[in-house]
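Just below is one structure, and these are the notes that go with it.
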Amino acid sequence: MRTPMIDYLHLLLGSVAEDAGEVASYIPELELADPDRLGIAVATLDGEMYAAGDADVEFTIQSISKPFTYALAIADQGLDAVLERIDVEPSGDAFNEISLDRGTGRPRNPMINAGAIAAHALVRGDDAEARAERILDLYSRLAGRRLSIAEDVFESELSTADRNMALAYMLRTVGKLRGDPADVVRGYTRQCSVSVTVRDLARMSAVLAAGGRTPEGDQVFDPAVNRQVLSVMATCGMYNSAGDWLTSVGIPAKSGVAGGLVGVLPGQVGIAVFSPRLDPHGNSTRGVRLFERMNHDLGLHLMAPAESARSVSRRLERDGAAVHEIAGDLHFTEAERVLRGFALEPVGDAPVVVDLDRVHRANDIARRMLLEGIRRLHEDGHDVRIVDPWGVLGSAETGSGELVRGEQAHGGYVPASFPDVASAARA
Ligand code: DON
């Protein structure tokens, strides 16, 4: 069978034949871009890539670099140190607005140029070249191939970077920028000049969608850092059209003035599109339309989530034992359903089997909830047996590996209690 995924992407590109807007011209080299280019790539978390149109055409990453460098700044300095210099509030301003918070002097967020320049300066490295090299290494690791800097675009932007230079000097006067402003703008401009395709960007976005992990299992960002980045993309990624975007498309996103646009559907997919003509906000005109259509067709919107599976748990009787067969990935709401089933077992010594053969993954909270349920069944007098061929309940953290792995009697092990569950949920 030929997968309908590719056909869908071609149809999608065909549906935005009409274009409007202008190619960015404040960076002279970008004005040379072919305005009719149009490409899309969709990357799944397990490494599948679907692409159509100009998917192998290279363009500069521009502002799409900002969330990734923000993540690196947090990894290098810690979140508190970064928050002390850069706020996380949507600004409602254009991307290059010369605006800092009146009270604190902080740029409003790391997606506008002021905040992105401050974030770049927080990346470890002695000078512009060293910081840009570390950043290039990071982007390459995310993209799964060695990327390079488009030197012509870099020179072109640096020669016209007066506004960013003004921002950097202003940041230094209010104590929010480390180092020499000219050197920082040079490094930031190199970061914006990294050359990518939509395939690269889709894969980089899929890493964010996967909580900071590549399809090969390389945990590039700590999950808490990843969550911070996605939150800021959701509220500030589309500048002064962020509210429109969040209501009409509804996923964390980031645009760049070269015409790239990425979207991240957490836990599911990373998407990138490329079309150089920009709308008045500086976002790709056709890129925005493509995402609106995908939201309509594919139901991407974060605020329209799927309900958790109802068939997660069923109770059968087998050889005199109550068997709780559980299926699917487990999070809080699925674990709650499982506990509801356990709670129906009358107190007594009847054997209970907890069968996790069809569960491959449980997050920390679900695992603790299940372990607590099992502990209580045991406390009620039941002979609890656990079938856990995939080791879902076992982890170093619970120290339960030996007892619960495979079909073994459950005895003696006291898992984390519910107060612990509650504090884990708050963390
Ligand atoms: O600093 C700049 O102005 C550019 N290097 C990046 C701006 C950008 O991509 C804005 N996004 N739509």
Distance between modelled label sites at E18 and A166, nm, 7 Å Cα→Cβ extension: 3.7 nm
Inter-probe distance in nm under a simple model that places probes 7 Å from Cα toward Cβ, at T104 and F332: 2.6 nm
Area accessible to solvent at R385, 1.4 Å probe radius, in Å²: 80 Å²
Solvent accessible area, Å² - D80, 1.4 Å probe, full protein context: 120 Å²
Computed lengthening from E216 to D76, 0.36 nm per intervening residue step minus Cα-Cα distance: 48.1 nm
Where the chain is the region considered: accessible area per residue in Å², 1.4 Å probe: 43 Å²
Calculated FRET efficiency for the pair L339/D93, C-beta based, R₀ 51 Å, to 0.05: 0.60
L32 accessible area, assembled protein chains, probe 1.4 Å, Å²: 130 Å²
Coordinate range along principal axes, alpha carbons of the chain, Å, largest first: 79, 53, 35
Förster radius 35 Å - calculated FRET efficiency between M1 and D36 (Cβ-Cβ, nearest 0.05): 0.60
Distance in nm between pseudo-label sites at D319 and A306 (7 Å out along the Cβ direction from Cα): 3.4 nm
Exposed GluC sites (Glu not before Pro) absent: longest stretch of the chain, with sites in DSSP loops and at most 10 other Cβ within 10 Å deemed exposed: 19-215
Inter-centroid distance (Cα atoms) of the stretch 236-287 relative to the stretch 114-188, Å: 22 Å
Rounded tilt (10° steps) of 285-298 against the dominant C-alpha axis of the chain: 10 degrees
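The values are calculated or read from the model by the stated rules, or taken from the named source; none is laboratory data. What you are looking at is a predicted structure, and each value in this text was computed from that prediction instead of being measured. Every residue, glycine as well, gets a Cβ built from its backbone with ideal geometry; the counts of neighbours run over all protein chains shown. These accessible areas exclude ligands, DNA and RNA; they are computed on the full protein's heavy atoms, side chains included. Shrake-Rupley method; radii C 1.70, N 1.55, O 1.52, S 1.80 Å.
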